[in-house]
1. How about region 153-164: which of its residues are farther than 13 Å from residue 70 by Cα and assigned to a loop (DSSP other than H, G, I, E, B)?
2. Taking the criterion of being over 22 Å from residue 50 (Cα atoms) and either assigned by TED's automatic domain parsing to the domain that holds residue 44 or modelled with pLDDT of 90 or more (or both), would at least one residue in region 247-265 satisfy it?
3. Could we say that residue 281 is touching a strand residue (DSSP E or B) at 6+ places or on another chain (Cβ under 6 Å), in the same structural domain as residue 27 (by TED's automatic domain parsing) and within 23 Å of residue 158 (Cα to Cα) here?
4. Would you list the strands (runs of 3 or more DSSP E) that sit entirely within region 263-329 and hold 3 or more residues that are more than 22 Å from residue 139 (Cβ to Cβ)?
5. Out of 92, 103, I need the residue that is surrounded by fewer than 20 Cβ atoms within 10 Å (Cβ to Cβ), at pLDDT 90 or above and either in a strand (DSSP E or B) or under 15 Å from the mean Cα position of the chain (by Cα) (or both). Which one?
6. Can we say residue 31 is outside any loop (DSSP other than H, G, I, E, B), under 17 Å from residue 293 (Cα atoms) and at pLDDT 90 or above?
7. Kindly establish whether residue 74 is closer than 21 Å to residue 179 by Cβ, without any contact (Cβ under 8 Å) to a residue 12 or more places away in the chain and touching a helix residue (DSSP H, G or I) at 6+ places or on another chain (Cβ under 9 Å).
8. Got at least one residue in region 113-135 being in contact (Cβ under 8 Å) with a residue 24 or more places away in the chain, on the phi < 0 side of the Ramachandran plot, surrounded by fewer than 18 Cβ atoms within 10 Å (Cβ to Cβ) and not in a helix (DSSP H, G or I)?
């Protein structure tokens, strides 16, 4: 089997590892073994750019890398990319004495039923505003926002961090902030949030508007790219629930299935691409330890048994290629803590 594993929603800066912060991170021997054996791949701006490369899109071109993530995800819906489409990611913010932060587990994932319910109630409450919310579980997509705004950027980059640096200037972005403020008022003490809190879940106290952009970014047709490269018939099977992955595969004629752990991949799989999230699913979840148990350690063991012909591992925009034939040659490599390798 040839496997590509993209770890999404991961962002760790080297500067954040000081003052004992690194010692509080979990030990991940499986991941550290993979990184020790790996040979570095050409870095990419983020995991989405890496996924374009793995899918056969010429991501080295500036146009391909400019694809707006929300426009790619919109391929899953009957919505035109030019209608001011942006992700409306449900988040949980925490207000402190001097700053507002994004909760460390504040990238909230909605079930299909929740996403539909929030969308229907939003569309009733904001009827006539020109805004429309679309369910795209585990997130949401908003239509009718300014297409020339910069937006807030991928919220995964601010998990557990202050939000002041995430606000972009400009008239369009001021309009986006005004919409965000209205949404926060609507969400405050919403019955659906009260139900979430009774279940022990974090309330949705904001919708993070990001991933859209000017029409020309979304108008780059990945189907056309696919025809130019001739890779449609060779598109490998993909696994995961990320909407960028699902939208890209749908646009390029492929399908995406669910696999929560390495053992879930069908027997006899020859090649596959997997996207799994490093964002916490709740305050009690340790996502990196979960990935260690479900993916990193099993992949290390499969390589040792030579059940994998090769592994390409992407964490954010950093990538490594690991092959079982290299294992006997690398005993001299000293272990390196995983966060030293994966942090940017």
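The values are calculated or read from the model by the stated rules, or taken from the named source; none is laboratory data. Because the structure is a prediction, the values reported are computed rather than measured. Please note: Cβ atoms are built from the backbone with ideal geometry, for glycine as well, and neighbour counts cover all protein chains shown.
1. 160, 161, 163
2. First, the residues of region 247-265 that are over 22 Å from residue 50 (Cα atoms): 263-264.
Next, from what is left, pick out any that are either assigned by TED's automatic domain parsing to the domain that holds residue 44 or modelled with pLDDT of 90 or more (or both): 263-264.
Yes, there is a match, as at least one residue in region 247-265 is over 22 Å from residue 50 (Cα atoms) and either assigned by TED's automatic domain parsing to the domain that holds residue 44 or modelled with pLDDT of 90 or more (or both).
3. Numbers: touching a strand residue (DSSP E or B) at 6+ places or on another chain (Cβ under 6 Å): no; in the same structural domain as residue 27 (by TED's automatic domain parsing): yes; within 23 Å of residue 158 (Cα to Cα): yes.
When the stated conditions are applied, residue 281 does not pass them.
4. Fully inside region 263-329 and qualifying: 310-315, 318-322.
5. Working: 92 fails: surrounded by fewer than 20 Cβ atoms within 10 Å (Cβ to Cβ).
Of 92, 103, the one residue that is surrounded by fewer than 20 Cβ atoms within 10 Å (Cβ to Cβ), at pLDDT 90 or above and either in a strand (DSSP E or B) or under 15 Å from the mean Cα position of the chain (by Cα) (or both) is 103.
6. Yes; evaluated as a whole, the condition is true for this residue.
7. no
8. No, that holds for no residue.
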